[in-house]
Amino acid sequence: MATQRGASAGLRPRDLRKPWFRDVNLIHVPAYSLFVEPLAAAARLAIELVRHDGGLLSIDLSSVAGLKDYGPARFAADLARLKPDVLFGTAAESETLGVPMAELATVPVIKLGAGGCRVAGQSVPAPHVREVDASGAGDALAAAFCVAYLDGATPVEAAEKAVVVASGAVTRAGARPV
């Protein structure tokens, strides 16, 4: 998978406006946003603004290739400083990181593709569906998990909702959950 951050790679801290982040309960950041400057400085500022007002931080490890290019130990140290509330990653991304996700986040979520996910030491299976296009399934899972978690679901309950949404996303082309 080739990634393209487009214009976002040029986002600078000075481009952000504090009012954008008022009343934000959770900010979700792909690791890609923390790998290159000036985007990384802007992402860190956005995180700081959300955290200042009591918001949660969710990070997705994004890709094995990105982690290897940036440096797994370097990113694990970044995560230790950022202390995400929720950390998403595939099993391969987690292994590449080299530090157990549970040591870096309050709620680590291992994405298992068609197998669902693992959270709080429990496997949460995904419903069996006819896959058309897996693009965006992990993002759908993360989004649904975060919404449910913010609504008061336990991590396992949030995962149960998230695998349903992600499974729905793969049943159609174009990464659009129902």
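The values are calculated or read from the model by the stated rules, or taken from the named source; none is laboratory data. Because the structure is predicted, anything quoted here is derived from the model rather than measured. Note that each Cβ is placed from the backbone with ideal geometry, even for glycine, and that neighbours are counted across all protein chains shown.
Here are a few things to note about the model shown:
- Test: residue in region 122-136 that is within 19 Å of Asp85 (Cα to Cα), out of contact with any strand residue (DSSP E or B) (no Cβ under 8 Å at 6 or more places or on another chain) and crowded, with 16+ Cβ neighbours inside 10 Å: no
- Filter pass, Ala114 being surrounded by fewer than 19 Cβ atoms within 10 Å (Cβ to Cβ), part of a helix (DSSP H, G or I) and not charged (D, E, K, R): yes
- Screening region 23-41 for residues that are part of a loop (DSSP other than H, G, I, E, B) and hydrophobic (A, V, I, L, M, F, W, C) and picking the one that is nearest to Phe75 (Cα to Cα) gives Phe35.
- The lone exception for Asp69 - which of (1) assigned to a helix (DSSP H, G or I); (2) among the acidic types (Asp, Glu); (3) farther than 27 Å from Asn25 by Cβ; (4) not assigned by TED's automatic domain parsing to the domain that holds Ser33 it fails: (4)
- Restricting attention to region 13-64, the residues that are within 24 Å of Glu95 (Cα to Cα) and without any contact (Cβ under 8 Å) to a residue 24 or more places away in the chain total 1.
- Within region 137-178, tally of residues that are buried (at least 18 other Cβ atoms within 10 Å of the Cβ) and not in a helix (DSSP H, G or I): 2
- Matching residues, region 1-41, being modelled with pLDDT under 90 and either in contact with a Leu (Cβ under 8 Å, 6 or more places away or on another chain) or assigned by TED's automatic domain parsing to the domain that holds Gly55 (or both): Arg5, Ser8, Ala9, Gly10, Leu11
- Failed criterion for Pro84 (all others in (1) buried (at least 19 other Cβ atoms within 10 Å of the Cβ); (2) in a helix (DSSP H, G or I) hold): (2)
- Yes/no for Gly54 being in a strand (DSSP E or B), modelled with pLDDT of 95 or more, assigned by TED's automatic domain parsing to the domain that holds Ala40 and closer than 24 Å to Lys161 by Cβ: no
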